[in-house]
2 protein chains.
Amino acid sequence: MQELNIIKIGGNILDKPTQLHRFLSDFASLPGARILVHGGGKIASTIGQRLGITPKYVDGRRITDAETLELVTMVYGGLINKQVVAHLQALHCNAMGLTGADANTILASKRTVLEVDYGFAGDVAGNKSINVEVLHGMLALGITPVFAPLTHDGDGSLLNTNADTIASVLATALASRYQVKLTYCFEKRGVLQDATDDDSVIAQIDREKFLELKETGVVSAGMIPKLDNAFAALTQGVRAVQIGDAAEINDIVAGGKAGTLITL
Amino acid sequence: MQELNIIKIGGNILDKPTQLHRFLSDFASLPGARILVHGGGKIASTIGQRLGITPKYVDGRRITDAETLELVTMVYGGLINKQVVAHLQALHCNAMGLTGADANTILASKRTVLEVDYGFAGDVAGNKSINVEVLHGMLALGITPVFAPLTHDGDGSLLNTNADTIASVLATALASRYQVKLTYCFEKRGVLQDATDDDSVIAQIDREKFLELKETGVVSAGMIPKLDNAFAALTQGVRAVQIGDAAEINDIVAGGKAGTLITL
């Protein structure tokens with residue numbers, strides 16, 4: 001099976017032109033098939049402020065009301081996605097911007113209202129919600145899909161969807177056709193043994209190590225869902241999951257010393 | 001050769017939910033291959049106002065400065081395009097939203113500065129600027145491309161590009177592979193003999209008739225470039241060009257009595 005790299009970048013790099021250019025240059029130079037998934041919450045907040053849209057939170061989680069959905073549709077699906085695509089085209093990477101609505105690539109359902117109504121937030125049920133045929137067709141044409149963190153419900157509504165989740169469900173769905181390597185880029189060089197020391201990257205984490213890190217409190221509340229997602233992806237056929245700094249993407253993808261490798 | 005309908009809709013329908021829904025339902029029910037091209041200037045102006053972006057004009061033509069480019073990238077490429085795509089998906093039309101940057105479908109060049117600097121406005125040089133292979137590949141997968149009026153320069157910049165022009169260059173480029181029918185929808189039922197009488201639609205206009213209509217002042221300044229574009233498309237192999245009301249799209253496409261048919 002052919003190798004496929006799925007790489008997720010977050011808001012911490014999207015608003016820094018120099019770092020973004022360096023990352024996109026590295027991404028464009030990767031060999032073989034690849035998919036990029038981007039976030040963009042920070043930029044959406046800035047433009048939301050200019051539009052007079054007040055962010056709504058319940059228990060620290062953002063609520064996507066109707067005007068926030070319009071905001072993220074503009075910012076994620078339009079501004080960020082198309083700028084990244086045009087940038088990659090200049091680097092001779094044949095990028096194509098997508099939301100889950102485009103060619104019905106990712107079907108989701110509006111999050112069920114239990115105690116909190118998250119509004120237009122989308123949950124992806126699983127592998128079957130991914131249009132593997134179309135994505136395979138695009139990759140076969142030499143196209144690099146670039147996903148904004150948006151899906152749709154099949155009834156005409158777009159849904160705001162976590163970019164980590166999108167990367168993860170794409171990875172598991174495409175694992176039947178490709179040797180998928182999933183890489184989450186974030187603001188640190190990997191999972192750190194000591195949060196105050198950027199050089200204390202843990203090279204490898206398996207389930208046993210993960211339990212130990214949780215017990216000793218080394219991994220933080222923010223990192224636990226990322227690692228949970230990573231293990232879920234590995235149990236569903238993804239070959240490798242890595243977490244690291246976008247600036248070291250070439251080394252991470254090449255299986256070098258950079259980043260943290262998650263294994264079962 | 002297979003038939004391909006390329007249909008352009010403008011801002012006058014995009015901001016009217018009931019009419020838009022009716023049009024998209026009709027569009028989704030069209031048989032065979034089709035491409036939709038949308039405008040959206042009215043919605044961009046409204047959101048621009050909320051963002052405090054003042055529209056700039058020279059001789060009645062809008063100037064796309066850097067902040068206006070960001071605005072139209074958000075509104076055309078994000079808000080309008082993705083809402084239309086999600087809406088079409090709900091109508092079981094496998095739509096995929098595109099700008100010219102996506103999969104390098106339309107390469108343009110920044111308009112040359114002569115007396116006026118139009119800013120980030122894109123001109124498409126001709127058929128060779130269209131990635132026919134990718135569009136053909138998508139259509140073969142049963143995908144319906146939905147174009148926002150944006151292109152790119154290949155050097156990383158998006159460009160604001162007239163939606164009529166995009167429809168026209170797509171039509172002429174794809175004429176080598178398909179029997180292309182190009183339809184421009186606008187606020188009238190066709191080219192009118194009497195601007196004050198909506199029922200005075202001229203059924204057919206050929207070159208001779210066009211000259212006559214220009215001489216007698218029947219066709220207005222706004223209509224002349226549309227008709228010029230139509231004749232240019234016909235001389236480059238497009239089978240039919242029609243102008244009419246989005247509400248009558250089924251009848252227009254079926255070659256019925258609605259709209260104005262342009263012929264050589």
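The values are calculated or read from the model by the stated rules, or taken from the named source; none is laboratory data. Note that the coordinates shown come from a computational prediction; the quantities given were computed from them, not determined experimentally. Backbone-built Cβ (ideal geometry, glycine too); neighbour counts: all protein chains shown. Only protein heavy atoms, including side chains, enter the accessible area calculation; ligands, DNA and RNA are left aside. Shrake-Rupley method; radii C 1.70, N 1.55, O 1.52, S 1.80 Å.
DSSP bridge analysis restricted to the stretch A:7-154 gives an antiparallel fraction near 35%, rounded to the nearest 5. Between amide H atoms placed 1.01 Å from N, distances below 5 Å from B:Ile35 occur with B:Asn5, B:Ile6, B:Ile7, all of them 5 or more places distant or on a separate chain. Note that the protein assembly as shown presents 40 Å² accessible area per residue, ligands and nucleic acids not counted, probe 1.4 Å.
Scan chain B and hand back the longest stretch that contains none of the GluC sites (Glu not before Pro) lying in DSSP loops with at most 15 other Cβ atoms within 10 Å. Could you put the intermediate results ahead of the total?
Details: sites that count: B:Glu115, B:Glu187.
By the stated rule (loop sites, at most 15 other Cβ atoms within 10 Å), B:1-114.
Taking beta carbons within 10 Å but only from partner chains, what does the mean come to for residues A:125-135? List each step's numbers first, then the result.
Numbers: counts 0, 0, 0, 0, 0, 0, 1, 0, 2, 6, 0.
That works out to 1 on average.
Expressed as a fraction of 2.2 N^0.38 Å, the C-alpha radius of gyration for chain B is 0.96.
In units of 2.2 N^0.38 Å, what is the alpha-carbon radius of gyration of the protein assembly as shown?
Rg over 2.2 N^0.38 Å, computed on Cα atoms: 1.02.
Using only the Cα atoms of the stretch B:34-178, build the gyration tensor, take square roots of its eigenvalues as a ≥ b ≥ c, and label the shape rounded, prolate or oblate: rounded if a/c is under 1.5, else prolate if a/b is larger than b/c, else oblate. Oblate.
Indicate the gyration tensor shape class of the stretch B:103-260 (rounded, prolate or oblate), computed on the Cα atoms with a ≥ b ≥ c the square roots of the eigenvalues: a/c under 1.5 is rounded; otherwise a/b larger than b/c is prolate and the rest oblate.
Numbers: a/c = 2.12, a/b = 1.37, b/c = 1.54.
Judged from the Cα gyration tensor, the stretch B:103-260 comes out oblate (a/c at least 1.5, b/c at or above a/b).
Which residues among the stretch A:41-81 fall inside the zone where the amide N is under 12 Å from a point 7 Å beyond the Cα of A:Asp117, along Cα→Cβ? Under cut-off, by backbone N: A:64-66.
Cut-off 10 angstrom, C-alpha nodes, Gaussian network model of chain A. Which of A:Leu107, A:Leu30, A:Leu170 fluctuates the most? Ranking A:Leu107, A:Leu30, A:Leu170 by mean-square fluctuation puts A:Leu30 first. Rounded to the nearest 20, the Cβ-based charge dipole of chain A about its Cα centre (Lys and Arg +1, Asp and Glu -1) stands at 440 debye. Beta bridges assigned by DSSP with both partners in the protein assembly as shown are antiparallel in approximately 30 percent of cases. Heavy-atom surface analysis with a 1.4 Å probe gives chain B a carbon and sulfur content of 49 percent of its accessible area.
When both bridge partners sit in the stretch B:3-262, DSSP labels roughly 30% of those beta bridges antiparallel. A straight line joining the Cα centroids of the stretch B:116-154 and the stretch B:48-82 runs 19 Å. What is the distance in Å between the Cα centroid of the stretch A:173-197 and that of the stretch B:246-261? Comparing the Cα centres of the stretch A:173-197 and the stretch B:246-261, I get a distance of 54 Å.
With label points set 7 Å from Cα along Cα→Cβ, the inter-copy distances at A:Asp15 are 2.9 nm, sorted shortest first. In the protein assembly as shown, a dipole from Cβ-located charges (positive for Lys and Arg, negative for Asp and Glu) runs towards its positive end, and of A:Gly60, A:Ile13, A:Ser176 it is A:Ser176 whose Cα lies farthest in that direction.
Comparing B:Ala95, B:Ala254, B:Ala28 in a Gaussian network model of chain B (Cα springs below 10 Å), the most mobile by mean-square fluctuation is B:Ala254.
Per the accessible-area calculation with a 1.4 Å probe, the total area buried between chain A and chain B rounds to 3000 Å². In this simple spin-label model, placing a label point 7 Å from the Cα along the Cα-to-Cβ direction at both A:Arg239 and B:Ala221 gives a separation of 6.3 nm.
Build a GNM of chain B with springs between Cα atoms under 10 Å apart, and of B:Val146, B:Val58, B:Val124 the one that fluctuates most is B:Val58.
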